[in-house]
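In what follows, a single structure is set out as C-alpha cells and then discussed.
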Amino acid sequence: MKMFDPHIHMTSRTTDDYQKMAEAGITVVCEPAFWMGQPRTHASSFEDYFLSLVGWERFRASQFGIHHFCTIALNPKEANNANLADDVLAMMPRYLEKESVIAVGEIGLDDQTDAEVYYLKKQVELAKEFELPVLVHTPHRDKKHGSMRCIDIILETGIDPSLVLIDHNNEETIEETLRSGCWAGHSIYPETKMDEERMARIVKRFGPEKIIINSAADWGVSDTLMVPKTVAKMRDIGVSEADIERVVWDNPIAFFAQSGRITKSALEKDVLRDQTQLFSGNSVLRGQTPQVDSI
Amino acid sequence: MKNYHHEVETLIAELQDRMDENQFSTLAAFIQPAAIADNNILTKNFSGCGRRFKMIQADKTGKGYQRWPTEKLARCTLATLAIANRKPTDAAFLLDDLFRKGDLHEQEAVLTTLNFFPDRSEFMDIAFEALRSNVVPVFASICCDNDYPAARFSQLYFNQMVLKAIFLDIEVARIDGLKERLNPQLLQMISDYRDERTIANRSVPEGIGFIESLNSGVNL
Ligand SMILES: [Zn+2]
C-alpha cells in the first residue's frame, strides 16, 4: 500500500530515515514550513529555508523515490517576532507561486497572542488569493479551547472549511473539528500526544471521512514511520483495507489536490525515473543511484 | 552569434501547438512587453509557469523542443525575451535573481536559456554557481546540451565540469564542444581518476573511455 505522510519535517532528518520510509511504502511527503527549534534573527533566514524546501530537500527526497511537496508560512511562534514578521509575509507571495507549494502552513495559534491572531488571519487571506488550502497548527497547551478558537478565527474569514486541515487533533477535539467541516489531522508521536493505538481506535469509531494522519517527525523525539505503524495497528483491530487506504492515501491527496498542483495519477508515477526524464525529455543519467553524497 | 529571436519563435510555436485557448492566453499575457519589462511581474510569472503549465504533456516520442516539459518551454521563452529587453547588467541581475530564488525546475530553465547566449560573459557567475550544485538535473542543465560552457569557461572551470560529470555518471557525450576543448590537463585528470578507481577495485565510469576515445580519434 502506498502512503502519504502529509506533515513531516525532513530537513531535520537523515538519509537513513528516507531509506526506511521508502522501504515502508511512503511515496509522498508534505513538509510544512515551521519553527527551527530556536528563533531566527533575520527575515532572510526564512527565505533560505523556503528555498531549501522547494529545492534541495525536494531533490533529496526524489533520490529515494519519494515525491516531496511543502507548505509555506510564517509559523505562529515566530509571528510574535515583530522585527521580522512583516518582512516574512512580504516575501511569501513569490514562494506561494511555486509548483511544489501545495498549501499555506503551518499557520495557527501557539500562545494565542494578538500577534498570532493577526498573522493567522493575514495568511488565510493570502491562501484565498492563491486559491490554496491551509494547514493549521493547533496549540499543545489549552488544546481544546485553543483549537476551537483557531477554527473560529479561520472560518470567520469566509474560507471554505473543506480547504482547511486542522492538525494535532485528539479524541477531545476531533468531533468539533469534523462538525466545522474542516479536515481533521492527527500527529502520531512515540511518547507524547497521540499514539498509534489510540489513533487506530479513532478511525474505527469515526470512520475514514476527512481523517488524516501524519508523523509530524522533526528535530525532537519523533518517528518517521508513524504512518505505516498506525496502518499496522488499524489492521490489527480490524479496520478495513479500503478505510485504511482512504486515511493514508486518498484523503491527503484529495485535500492537497484542491491546490490544483497535484493529481493522483502524477503521484502514482515513479519520481526517480520521472526526474531523470525531466531534463529536456531525455535522461542524462547513466545510472539511477542516489546522488546525495557530497561531490 | 546565435539567433535567439528565431529560437523564441520556435518555442512559442511549440507552446501554441500544445496549449488550449485558455492556456495560451495565459502565456500571451506573460509575454506582453509590459509583463516582460517589469522584474516583479516577470519573476512571479516565471515561477507561476510550473503550477499553470506543468500538467500539459510533452510528446515523449517527438524530438528537440517537442520533448521538453511545457513549463520549461514557457520559462525559457520568458527568460530569453527578458534578456533581449534589458541592458546587459540589468539582464544579469534579473537572471541571477531567477536562478538563486528559483526551485529546481526554474534553475534548470535559467541555465538552459544561457544556451541561447554563448557570447554573453555577464552570465558567467550564474553558470559557475550551477557547477557547484549537487542537484543532478541542475548541474546537467549547464553541463549538457548547452553551448555556454565551451564558449565561455576558462580551462579550469571547463575541466572541473567535465570531471564532475564523470563523477555523477552523466552522459559526457552531451557536453557540447568537448572535443574542441580537450586539453592535456583534462586528460591527465581523467587518467588519474581511472587509476584511483582501479586501485580501489571500483568500476571505471564509461565517460572516461569516451573522452579518451575522442582524444585518440577513435569512434569520432
Ligand atoms: Zn510541524
_So in the range A:185-211, with the set limited to residues that are under 21 Å from A:ILE154 (Cβ atoms) and within 16 Å of the ligand (Cβ to nearest atom), which one is nearest to the other protein chains (Cβ to nearest Cβ)?_
A:GLY185
*asked:* Please verify whether A:ILE153 is in contact with a strand residue (DSSP E or B) (Cβ under 8 Å, 6 or more places away or on another chain) and hydrophobic (A, V, I, L, M, F, W, C), treating the condition exactly as stated.
replied: no
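Residue by residue, here is whether (1) surrounded by fewer than 16 Cβ atoms within 10 Å (Cβ to Cβ); (2) modelled with pLDDT of 95 or more; (3) farther than 22 Å from A:GLY260 by Cβ; (4) in contact with a strand residue (DSSP E or B) (Cβ under 6 Å, 6 or more places away or on another chain) holds:
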{"site": "A:MET36", "(1), (2), (3), (4)": "no, no, yes, no"}
{"site": "A:THR41", "(1), (2), (3), (4)": "yes, yes, yes, no"}
{"site": "A:SER44", "(1), (2), (3), (4)": "yes, yes, yes, no"}
{"site": "A:TRP56", "(1), (2), (3), (4)": "no, no, yes, no"}
{"site": "A:PHE64", "(1), (2), (3), (4)": "no, no, yes, no"}
{"site": "A:ALA73", "(1), (2), (3), (4)": "no, yes, no, yes"}
{"site": "A:MET91", "(1), (2), (3), (4)": "no, yes, yes, no"}
*Could you give every pair whose Cβ atoms fall below 9 Å, whose first residue belongs to the range A:205-216 and is closer than 10 Å to A:PRO6 by Cβ, and whose second residue is aromatic (Phe, Trp, Tyr) and outside any strand (DSSP E or B), counting only separations of at least 6 or pairs across chains?*
A:ILE212/A:PHE255; A:SER215/A:TYR189; A:ALA216/A:TYR189
_From the options B:LEU27, B:LEU15, residue that is surrounded by 14 or more Cβ atoms within 10 Å (Cβ to Cβ), under 26 Å from A:LEU132 (Cβ atoms) and in contact (Cβ under 8 Å) with a residue 60 or more places away in the chain_ = B:LEU15
_Criterion (under 20 Å from A:LYS264 (Cα atoms), away from chain B (no Cβ under 14 Å) and of a type outside the set (D, E, K, R)) met by exactly one of A:PHE34, A:PHE4, A:PHE69_ = A:PHE4
_Of everything in the range B:141-151, what is part of a loop (DSSP other than H, G, I, E, B) and either out of contact with any helix residue (DSSP H, G or I) (no Cβ under 8 Å at 6 or more places or on another chain) or more than 14 Å from every other protein chain (Cβ to nearest Cβ) (or both)? Give them in sequence order._
B:ASP147
_Verdict on A:PHE4 being assigned to a helix (DSSP H, G or I) and within 16 Å of the ligand (Cβ to nearest atom)_ = no
*For the range A:147-190, which residues satisfy the criterion of being buried (at least 20 other Cβ atoms within 10 Å of the Cβ) and of a type in the set (Gly, Ala, Ser)?*
A:SER147, A:ALA184, A:GLY185, A:SER187
*For A:VAL136, which of the numbered conditions (1) surrounded by fewer than 20 Cβ atoms within 10 Å (Cβ to Cβ); (2) within 19 Å of A:GLU176 (Cβ to Cβ); (3) among the hydrophobic types (A, V, I, L, M, F, W, C) fails to hold?*
(1)
_Output for the range A:77-105, where each listed residue is in a helix (DSSP H, G or I) and more than 14 Å from every other protein chain (Cβ to nearest Cβ)_ = A:GLU78, A:ALA79, A:ASN80, A:ALA85, A:ASP86, A:ASP87, A:VAL88, A:LEU89
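Looking at B:ASN22, B:ASN40, which one is within 23 Å of A:MET92 (Cβ to Cβ) and surrounded by fewer than 21 Cβ atoms within 10 Å (Cβ to Cβ)?
B:ASN40
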*Filter the range A:9-38 down to residues that are within 16 Å of the ligand (Cβ to nearest atom) and over 19 Å from the mean Cα position of the chain (by Cα), then give me how many there are.*
1
*Quick check, is A:PHE59 in a helix (DSSP H, G or I), away from the ligand (no atom under 16 Å from the Cβ) and either within 24 Å of A:ILE212 (Cβ to Cβ) or within 14 Å of another protein chain (Cβ to nearest Cβ) (or both)?*
yes
*Can you tell which of A:LEU135, A:LEU178, A:LEU120 is within 16 Å of the ligand (Cβ to nearest atom) and part of a helix (DSSP H, G or I)?*
A:LEU120
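Is at least one residue of the range B:117-140 part of a helix (DSSP H, G or I) and touching a residue at least 40 places away in the same chain (Cβ under 8 Å)?
No - not one qualifying residue is present in the range B:117-140.
The values are calculated or read from the model by the stated rules, or taken from the named source; none is laboratory data. Here the structure is a predicted model, which means the values were calculated and not measured. Methodologically, a virtual Cβ is constructed for each residue, glycine included, from the backbone with ideal geometry; neighbour enumeration extends over all protein chains shown.
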